[in-house]
Amino acid sequence: MTSDNPDRLDSVVTACHTTPIGRLTLAASEQALLYCGFAPPEQLLRLLAPVCRTTTDEAAAPTGSAAGQVLERTRAQLDAYLDGRRRGFELPVDMRLATPFRREVVLAVDTLAPYGATTTYGALAAGIGRPGAARAVGTALGANPLCVVLPCHRVVGAAGRFTGYAGGAHAKQFLIDLES
C-alpha cells in the first residue's frame, strides 16, 4: 500500500502482555484489535507497516487513548479467559492483517469447533467447502493475526496431535485443556 492509501490506519498502539501461555504481543487502532499473537515486537512492526502510518508503544501513547482502551479491554478479557472465567471474547476486531482466505478459515473455527471442542485441519477444510485444502488451512491458521481471541488452537492434526500452533505445543495443550 502507498502512504496515501485511504484504507491505511493513521495510528496503531502496540503492547506486550504476559500470560500463562507466554508473552502475547498486541496491536490496536482506535477502533479495534488488529493483532494478538506470539510475534516479537520487531516482527509485529514489520507486519503493521503496510497497514498503518505510525505505530506507538503503549508506554508512549497518550493516557486514555481509544487504542489504549481497546488494549485494556483485550488484556482484561484475555486474563479472564485464561483463568477460566470467560468462554469467549467481546472485542472489536480488524482482520486487515489476514488475506481473504485466511479470514475465512480463522473465522470458521469457532463455528465448526465451538468452545470445548476440537476439529481437524481436514474437517475444517471440508467445512469451508474446500475438502482438499487441509495444508492450506494449516498455513492460514498459522498466520492467524488474532490468536486466542479467534481460537485457531482448537484445530488438531488428523491423529489428534497438537501440531502447528504459533505459541508452541505447550500453549495449545494449555488452551485445549482449559476449554475441556
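Filter the stretch 129-145 down to residues that are open to solvent by 30 Å² or more (accessible area, probe 1.4 Å) and not in a helix (DSSP H, G or I), then give me how many there are.
Matching residues across the stretch 129-145 total 5.
Look through 55, 25, 14, 74 and report the one residue that is touching a strand residue (DSSP E or B) at 6+ places or on another chain (Cβ under 6 Å), of a type in the set (Ser, Thr, Tyr) and free of Cβ contacts under 8 Å to residues at least 40 places away in the same chain.
Testing whether each residue is touching a strand residue (DSSP E or B) at 6+ places or on another chain (Cβ under 6 Å), of a type in the set (Ser, Thr, Tyr) and free of Cβ contacts under 8 Å to residues at least 40 places away in the same chain leaves just 25.
Check the stretch 52-62 and report whether any residue there is part of a loop (DSSP other than H, G, I, E, B), open to solvent by 50 Å² or more (accessible area, probe 1.4 Å) and not small (Gly, Ala, Ser).
Among the residues of the stretch 52-62, at least one is part of a loop (DSSP other than H, G, I, E, B), open to solvent by 50 Å² or more (accessible area, probe 1.4 Å) and not small (Gly, Ala, Ser), which makes the answer yes.
Could you grab me the full set of residues in the stretch 149-176 that are at pLDDT 95 or above and open to solvent by 30 Å² or more (accessible area, probe 1.4 Å)?
If the condition is that a residue be at pLDDT 95 or above and open to solvent by 30 Å² or more (accessible area, probe 1.4 Å), then 174 is the only one that fits.
Return the residues of the stretch 85-103 that are open to solvent by 50 Å² or more (accessible area, probe 1.4 Å) and under 25 Å from residue 174 (Cα atoms); say none if nothing qualifies.
85, 86, 87, 90, 93, 102, 103
Considering only the stretch 31-44, I want to know if a residue exists there that is within 17 Å of residue 89 (Cβ to Cβ), at pLDDT 95 or above and either among the hydroxyl-bearing types (Ser, Thr, Tyr) or assigned to a helix (DSSP H, G or I) (or both).
yes
Would you point out which residue out of 107, 175 is in contact with a helix residue (DSSP H, G or I) (Cβ under 8 Å, 6 or more places away or on another chain) and in a helix (DSSP H, G or I)?
The conditions single out 175.
On the phi < 0 side of the Ramachandran plot, open to solvent by less than 60 Å² (accessible area, probe 1.4 Å) and either part of a loop (DSSP other than H, G, I, E, B) or without any contact (Cβ under 8 Å) to a residue 12 or more places away in the chain (or both): is that true of residue 117 in this structure?
yes
Could you tell me which numbered condition residue 45 fails, if it satisfies all but one of (1) of a type outside the set (Lys, Arg); (2) on the phi > 0 side of the Ramachandran plot; (3) open to solvent by 50 Å² or more (accessible area, probe 1.4 Å)?
It fails just one condition, (2).
Here are 14, 18: which of them is modelled with pLDDT of 95 or more, among the hydroxyl-bearing types (Ser, Thr, Tyr) and closer than 18 Å to residue 93 by Cα?
None of the other options fit; the residue is 14.
The values are calculated or read from the model by the stated rules, or taken from the named source; none is laboratory data. Note that the structure is predicted; figures quoted are calculated from it, not measured. No Cβ is skipped: glycine too gets one built from the backbone with ideal geometry, and neighbour counts run over all protein chains shown. Only protein heavy atoms, including side chains, enter the accessible area calculation; ligands, DNA and RNA are left aside. Shrake-Rupley method; radii C 1.70, N 1.55, O 1.52, S 1.80 Å.
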